[in-house]
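Notes follow once the structure below has been shown.
The values are calculated or read from the model by the stated rules, or taken from the named source; none is laboratory data. Please read these numbers as outputs of a predicted model, since none were measured by experiment. Ideal geometry is used to build each Cβ from the backbone, glycine not excepted, and the neighbour counts take in all protein chains shown.
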Amino acid sequence: METLTQPVQNSMKPGKWLNSSCKMCIHSCTTRIHVTEDGVINKIEGNPTSPSNNGRLCPKGNAAIMRHYDPARFRTPLRRTNPEKGPGVDPKWEPIGWDEALDLVGRELRKTLDDDPRKLMPAINDFQKLFLWAWPAALGNANYLSSVGNFCGGGYHPMNGFIHAAFAAANDVNYCNYWINNGGGDGFSSHLHTAAQANHVAKARVERNMRVVVIEPRLSIGAAKANEWVPIRPATDRQFALGLAHVLVAEKLYDAKFLKKDTNAPYLVGPDGYFVRNGEGKIYVWDAVDNRARLWDDPELNDFALEGTYTIDGKPCRPAFQKFKDILGDCSPEQMEKLTTVPAATTRRIAREFAKAAQIGSFIEIDGRVLPLRPAAYNYYRGAQGHKYSAMANHAFKLVNFLVGAIDTPGGHVGVTLDDQMQDIRGGFGAIRPGENGMLQTMPHQLHPEVPFSWPPNETHLMGFFPIGVDPGHLTQHTLANADKFGLDYQPDTLLMCHSNPLWNLPGDREQWYDLLRSMRFIVAIDILPNESNEWADVILPSHDLLESWNMTMIEPPHHEGMCLRQPATPPLYDTKSEEEIFYEISERLGLLETWNGILNFVNGFHQKPELLLEPNRKYSDREIAERKGKLWNGQGLDWYVEHGHAVTPRRPDKWYRPWDGMRLHFYLEDIVRARDTLRQKMEAADVPFRHEWEWGDYQPLPTAVPDPVHLEPADFDLYAITFKDIQINFGESIGNPWINDIVFKDPVHTAVLLNPKTAREKRLDDGDVVRIESPYGAIVAKLALSEGVHPDAVCVSNALSRVATQNTGVRHGGGNFNQLLPANLRHTDACSGQPETVARVRLIKLAGVPTDVAAGNSVFGKMSGMGRAH
Ligand SMILES: Nc1nc2c(c(=O)[nH]1)N[C@H]1C(S)=C(S)[C@@H](COP(=O)(O)OP(=O)(O)OC[C@H]3O[C@@H](n4cnc5c(=O)[nH]c(N)nc54)[C@H](O)[C@@H]3O)O[C@H]1N2
Ligand SMILES: Nc1nc2c(c(=O)[nH]1)N[C@H]1C(S)=C(S)[C@@H](COP(=O)(O)OP(=O)(O)OC[C@H]3O[C@@H](n4cnc5c(=O)[nH]c(N)nc54)[C@H](O)[C@@H]3O)O[C@H]1N2
Ligand code: SF4
Ligand SMILES: [Mo]
């Protein structure tokens, strides 16, 4: 593929190029920014020296210019003068000075802390400055009012941590020849470093003819470009994966050697779900040759039995593999087809193609290491795993990769860290550490240390009840509505948002969220633009944007590693500050400077190089923090980074491939059984009143095909509504940016809700009809666009339609927030991982026209004349 060597300057105006990096999504493509002599940013393009994004950006990256010059930006600190609060209600901001604003915030937060620190609800979401997420820890507060990391990866992150100590995972684009994408946009439109991955995936297809198979209810960008699109009924991906696993096992298309040597699949499981151990806690396996039990590390062992039923000390037991095989007995593609609608013959064919492409038994030498080569991998993300039984779903997808031996090996499904530097502090590469009985230590907490169980609960979202999950922020709605039952003896009254839009991101009933915000004594927001949530604030603390600030980051890098510099391209346009400075000023006013510096040292890993440690009683700028992060990575100072822009290199093979070599991976998740029982004991001991209602069945050591409860909703909600991201859309947040609006609002995929024409005919609906989409929990309105590229049971709602009108006039009302359709309760939340269901059962009701409250305002409906079919 041709590499850009010279920046393509499209402006006649002379100026200079600066090295920096993007933050128009959570990731960090490297950029070059052109600034004219009169100080105007007029071009942003990819930095070709980075082997990751290789000179490429996505449309959002270029559109950062329009964010920078967006007239809607906050220009000074603001104080609310309108005491009335509500959606779309004008706060009647009045500009105030920084000292006054910070003193006000300091005073109000001090009141909260003196009263009860748990009354503070934080929502701090900047993925590029993860260290800010830790600020509430300075108050001993583990509350969290957002669905970030949890809507998308509530089950995904802890399960990656459990199974192979990773935060995320990606198919290895370097060697993969058969790439399954299930409910994720990797390499095409979303998820990990899209602009970078897109060119690597394209290259793999051009150079190696890599086959791409997309399992999706919707003809997504990836599906449209794939070799094969397999339409699937929403929320049935786990069943599809189990159907594949059934074929792989039944037809013996699995990598027995890998399962025996590198996983706990041969370990014997007793009737209680725990491994069978001797008096010293050592685990038994069965010797298939001598037909007798042995300890897992017995040097005399001839061959591990993967199958069979045995007896040890009078107790029946089976190898973990056999336990899975037992489950798969009920998961034939024909049985699974009833739920997934994927023809059994298709599942069987894909399983065989996948196993063939995996080349079980083959090897490759990389950097002097001989590694198993498995050029076939099953990739999945939010759409596939964002369901009630999410832990099981993630496990099922991972097991498909396990069966062919494609975990952390060239061509396979490989673990990705959140941020190497932060994870190194927990020991070894990433978070790799030896555990008991030859196994890798499970690492279910990737975002923060485990929150201890407490009764009554300290956290309104019950984080202490999720021993392996990601903060289920949405549960706050459920627990506060039933405060007595959940033992909540305090009512949160303060909200601190930074880089966050909880009224947008949280599932659940909007009116109930509005009531919660209305009940708050004080709300402060650190943001750059007005959004649904910060228009409720009492004080706005405006921050610099990405073109005015320093940072050093590399978030969830598949295939690459190394810090990317962000540096100011212009001085701040307005009277704004960096987030670092704002948190320092607030911390100082609360007497927490020393604590905050201690936390920053810990989460940034500065302990690894003591010369980088922050002194206890100083305030540091964004530049100083960035400099330390850069030095921690490669010892280079800011001058070096300013010159080079980044330290990005291909990921070191010893970190990327089998970093756990010599330890066994978790095929069978005994620790989930243990987590369940430990939690149960704690709940029993504390006499927690709802312990009998807790969904103990959600904790499974192996996945089963039990349907998610979304399938059990009343039958008249006969369709499944899904939502999706896309390459030009960051959450819903890039909407409002004129360049993004320009490409989004010309595309029927993003201006109307997509429905299959056959389904429409049955319901006497037509293209352009206005409908109310009703779930058992809420409703939104939309125009319909008919498309063959939609599963007949699916209703597809773009994130572009999920925004509602606010003070930011660039953002149009899209018909309501998709999340309004979703419940925020325990029934639809995985008790194991905290993942909420992200698919809603709905029915469509034709309306005579656009409801007046929506039509009257600034909405997408007014702009949709002459809309054609989606595909
Ligand atoms: N362009 C872009 N990239 C991003 C982001 C962004 O907003 N925009 N956000 C970042 C973040 S924080 C995240 S979490 C990731 C998310 O990355 P992805 O998981 O890739 O994104 P989504 O669009 O949420 O979901 C992926 C696909 O799942 C499909 N889907 C929905 N329901 C189902 C289902 O039940 N089954 C199946 N099989 N598919 C279903 C949708 O149609 C969609 O195409 O992307 C990250 N990168
Ligand atoms: N319906 C629906 N709901 C979802 C999702 C979905 O796809 N559909 N996705 C879910 C997922 S995966 C996630 S991770 C969450 C995301 O949820 P959020 O992180 O709350 O999403 P954003 O809309 O990106 O809100 C972030 C805010 O950060 C502000 N911001 C941008 N740049 C800066 C900056 O430099 N400094 C500061 N201080 N602020 C800045 C923006 O103005 C925006 O208001 O939402 C979840 N909820
Ligand atoms: S993928 Fe993300 S980081 Fe890369 S150019 Fe697009 S918005 Fe920027
Ligand atoms: Mo996310």
Inset, instruction - Taking the residues in segment 739-760 that are within 14 Å of Ala794 (Cβ to Cβ) and over 26 Å from the mean Cα position of the chain (by Cα) as candidates, determine which candidate is surrounded by the most Cβ atoms within 10 Å (Cβ to Cβ). - result: Leu755
Legend entry - Sole exception among (1) farther than 20 Å from Ala357 by Cβ; (2) crowded, with 22+ Cβ neighbours inside 10 Å for Phe188, by number: (1)
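How many residues does segment 108-147 hold that are within 16 Å of ligand 3 (Cβ to nearest atom) and either part of a loop (DSSP other than H, G, I, E, B) or among the acidic types (Asp, Glu) (or both)?
At the first step, the residues of segment 108-147 found to be within 16 Å of ligand 3 (Cβ to nearest atom) are 125-130.
Remaining after also requiring either part of a loop (DSSP other than H, G, I, E, B) or among the acidic types (Asp, Glu) (or both): 125-126.
Matching residues across segment 108-147 total 2.
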Inset, instruction - Kindly establish whether Phe731 is under 28 Å from Ile26 (Cβ atoms) and within 16 Å of ligand 3 (Cβ to nearest atom). - result: yes
Legend entry - From Leu244, Leu192, residue being more than 25 Å from Val795 (Cα to Cα) and more than 17 Å from the chain's Cα centre (by Cα): Leu244
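Could you say which residue among Ala134, Ala101, Ala195, Ala142 is touching a Cys at 6+ places or on another chain (Cβ under 6 Å) and touching a residue at least 24 places away in the same chain (Cβ under 8 Å)? First the steps, then the outcome.
On the way: Ala134 fails: touching a Cys at 6+ places or on another chain (Cβ under 6 Å); Ala101 fails: touching a Cys at 6+ places or on another chain (Cβ under 6 Å); Ala142 fails: touching a Cys at 6+ places or on another chain (Cβ under 6 Å).
From the options Ala134, Ala101, Ala195, Ala142, the qualifying one is Ala195.
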Inset, instruction - With the checklist (1) touching a residue at least 60 places away in the same chain (Cβ under 8 Å); (2) assigned to a loop (DSSP other than H, G, I, E, B); (3) within 20 Å of Tyr175 (Cβ to Cβ); (4) more than 27 Å from the chain's Cα centre (by Cα) in hand, flag the one item Gly411 doesn't pass. - result: (4)
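Is it the case that some residue within segment 740-754 is more than 30 Å from Gly464 (Cβ to Cβ) and in a strand (DSSP E or B)?
Initial filter on segment 740-754 (more than 30 Å from Gly464 (Cβ to Cβ)): 740-754.
Next, from what is left, pick out any that are in a strand (DSSP E or B): 753-754.
There is at least one residue in segment 740-754 that is more than 30 Å from Gly464 (Cβ to Cβ) and in a strand (DSSP E or B).
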Legend entry - Within segment 96-110, considering residues that are exposed (fewer than 14 other Cβ atoms within 10 Å of the Cβ) and not acidic (Asp, Glu), the one farthest from Asp575 (Cα to Cα): Arg110
Inset, instruction - Could you check Phe304 against (1) crowded, with 16+ Cβ neighbours inside 10 Å; (2) in contact with a helix residue (DSSP H, G or I) (Cβ under 7 Å, 6 or more places away or on another chain); (3) within 25 Å of Asn182 (Cα to Cα) and say which number it fails? - result: (3)
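Checking the structure you have, find out if any residue of segment 475-482 is touching a helix residue (DSSP H, G or I) at 6+ places or on another chain (Cβ under 7 Å), surrounded by fewer than 24 Cβ atoms within 10 Å (Cβ to Cβ) and not assigned by TED's automatic domain parsing to the domain that holds Ala137. Steps first, answer last, please.
Going through segment 475-482, the residues touching a helix residue (DSSP H, G or I) at 6+ places or on another chain (Cβ under 7 Å) turn out to be 477, 480-481.
Now drop any that are not surrounded by fewer than 24 Cβ atoms within 10 Å (Cβ to Cβ), which leaves 477, 480-481.
Of the ones still in play, those that are also not assigned by TED's automatic domain parsing to the domain that holds Ala137 are none.
The answer is no; no qualifying residue exists.
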Legend entry - Candidates Cys176, Cys152, filtered to the one that is within 16 Å of ligand 3 (Cβ to nearest atom) and part of a loop (DSSP other than H, G, I, E, B): Cys152
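Please find, within segment 210-229, the residue that is surrounded by the fewest Cβ atoms within 10 Å (Cβ to Cβ) out of those that are closer than 24 Å to Lys356 by Cα and of a type in the set (Val, Ile, Thr).
Taking segment 210-229 as the starting set, the residues that turn out to be closer than 24 Å to Lys356 by Cα are 210-216, 222-223, 225-229.
If we keep only those that are of a type in the set (Val, Ile, Thr) too, we end up with 212-215.
Values: Val212: 23, Val213: 21, Val214: 28, Ile215: 30.
This residue is Val213.
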Inset, instruction - Can you give me the number of residues within segment 701-734 that are outside any loop (DSSP other than H, G, I, E, B) and under 24 Å from Lys398 (Cβ atoms)? - result: 5
Inset, instruction - Kindly provide the set of residues from segment 512-539 that are within 13 Å of ligand 2 (Cβ to nearest atom), closer than 15 Å to Leu109 by Cβ and in a strand (DSSP E or B), ordered by number. - result: Val524, Ala525, Ile526
Legend entry - Those residues of segment 569-596 which are of a type outside the set (A, V, I, L, M, F, W, C), touching a Ser or Thr at 6+ places or on another chain (Cβ under 6 Å) and within 30 Å of Ala168 (Cα to Cα), in sequence order: Ser578, Glu579
Inset, instruction - Please indicate, with yes or no, whether at least one residue in segment 155-175 is over 30 Å from Ala358 (Cβ atoms) and within 15 Å of ligand 1 (Cβ to nearest atom). - result: no
Legend entry - Criterion violated by Leu132 - all others in (1) crowded, with 23+ Cβ neighbours inside 10 Å; (2) at pLDDT 95 or above; (3) within 12 Å of ligand 2 (Cβ to nearest atom) satisfied: (1)
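From the list Asp671, Asp639, pick out the single residue that is in the same structural domain as Leu306 (by TED's automatic domain parsing) and either more than 30 Å from Ile327 (Cβ to Cβ) or assigned to a helix (DSSP H, G or I) (or both).
Numbers: Asp639 fails: in the same structural domain as Leu306 (by TED's automatic domain parsing).
Checking each option against the conditions leaves just Asp671.
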Legend entry - Condition met for Val173 (away from ligand 4 (no atom under 16 Å from the Cβ), free of Cβ contacts under 8 Å to residues at least 40 places away in the same chain and not acidic (Asp, Glu)): no
Legend entry - Failed criterion for His711 (all others in (1) modelled with pLDDT of 95 or more; (2) away from ligand 3 (no atom under 16 Å from the Cβ); (3) surrounded by 22 or more Cβ atoms within 10 Å (Cβ to Cβ); (4) not hydrophobic (A, V, I, L, M, F, W, C) hold): (3)
Inset, instruction - Among the residues of segment 274-291, count how many are of a type outside the set (A, V, I, L, M), over 20 Å from Phe402 (Cα atoms) and surrounded by 12 or more Cβ atoms within 10 Å (Cβ to Cβ). - result: 8
Legend entry - Positions within segment 308-322 being surrounded by 14 or more Cβ atoms within 10 Å (Cβ to Cβ), of a type outside the set (Gly, Ala, Ser) and either not in a helix (DSSP H, G or I) or not assigned by TED's automatic domain parsing to the domain that holds Pro271 (or both), in sequence order: Tyr310, Ile312, Cys317, Arg318, Pro319
Legend entry - Total residues in segment 324-363, condition in contact with a Pro (Cβ under 8 Å, 6 or more places away or on another chain) and among the basic types (Lys, Arg): 1
